Amino acid sequence: MTTNYKSGFVALIGRPNVGKSTLMNTLVGQKIAITSYKPQTTRNQISGIYTAEDSQIIFVDTPGIFKPRSKLDDYMDHASLASLKDVDLILFMIEPDELQHGNRYIYEQIAAANKPVFLVINKVDQVKPDDLLPLIDDYRQQAKLQEILPISATKGIGISDLLTAVKSTLPQGPQYYGSDEVTDRPEYFVVAELIREQILRLTDQEVPHATAVAVDQMNQRIQGKLQVSATIYVEKSGQKGIVLGKGASMLKQIGINARKQIEALLGEKINLKLWVKVQRNWRSDPIFLKRIGYDQKELS
């Protein structure tokens, strides 16, 4: 470790579906946060750990901020805003659009935290460079920003510049995690998220957001394969039927896709067993939310 070792915590804040999880996966170099084109994919705060010879950066991915409609929504908003208290730097992530109502509300919360703020404009590969200039000027005039960084998380544009800017802003500090660690979450949490990702990608309408996943067992090996058992919870019988599919075809496809992702994460073969259960109105049930792992402090 160098004598000028830099380390710190960096929050990724923004509206749903701006690409926060994709950016964190790109920065860490490994998939640890699920992604989908559907909004509100991320529900829990999860950290990705970037480690280099001269620095360690803990990127805190947060749920997208939006108007809450349930106890779960309240939790997600609280998780996002609470993360601002304990970080050294905030990455305010937007798409290439104006400082409108949604982004203005988020910026007001960020400004109250009194931390350095970088504006990260994602998806710049989808707009003409000349169209970015008035947007950058607009934000620079209306918001107090230390840096404005155009990037594309999917194409890798601007990522090295982002890392350089973050490192230069962080204080000298210790290495908080081992060099081989890429997230602060236990494996079973990421496994449950990878299963939920496939539900998000394969089902429509209200089903994706009415679904929760809990890993029941992940500690036994039979014939060299890790045995993973998980339960998919839905709110209605009709949703259970959709997740199962005709002849359990949908559940089988969810399992096949999730198994590939989990094996890539864990680096070993697994046997994945999935069940589907109805838990009515679970998104508004604080007792159930605590049972499946949502932070009790945020739900109280």
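A simple rule links phi to the HN-Hα coupling: the Karplus curve 6.51 cos²θ - 1.76 cosθ + 1.60 with θ = phi - 60°, which for region 86-95 gives 10, 10, 9, 7, 10, 9, 8, 9, 9, 8 Hz, with x for Gly and Pro. About the centre of its Cα atoms, region 208-285 shows a dipole size close to 240 debye [charges on the beta carbon of Lys, Arg (+1) and Asp, Glu (-1) only; nearest 20 debye].
The amide H of Q56, built 1.01 Å from its N in the peptide plane, has K6, S7, G8 as neighbours under 5 Å, considering only residues 5 or more places off or on other chains.
Counting only residues at least eight positions apart within a chain, or on another chain, the aspartates and glutamates with an alpha carbon under 15 Å from that of K240 are D204, E206. Label positions at R104 and E187, each projected 7 Å from the Cα along the C-beta direction, are separated by 4.9 nm.
The value of relative contact order for region 187-299, using C-alpha pairs under 8 Å at least six residues apart, is 27 percent. Where the centroid of each part is defined by its Cα atoms, how far is region 92-142 from region 202-244 in Å? About 37 Å separates the Cα centre of region 92-142 from the one of region 202-244. Derived scalar couplings between HN and Hα for region 102-108 equal x, 5, 5, 4, 5, 4, 4 Hz in order, rounded to whole Hz, by the Karplus curve 6.51 cos²θ - 1.76 cosθ + 1.60 (θ = phi - 60°), x for Gly and Pro. Find the relative contact order for region 138-256 and round it to a whole percent, using C-alpha pairs within less than 8 Å whose residues are 6+ positions apart. Normalised by residue count, the contact order of region 138-256 is 15 percent. If the segment from I256 to Q142 were pulled out straight at 0.36 nm per residue, it would be longer than the present Cα-Cα gap by 36.2 nm.
Since every read-out is calculated from the coordinates, none of them should be taken as a lab result. The structure presented is a predicted model; accordingly, all values stated were derived computationally and were not measured. So basically every Cβ, Gly included, is an ideal-geometry build from the backbone, and we count neighbours across all protein chains shown.
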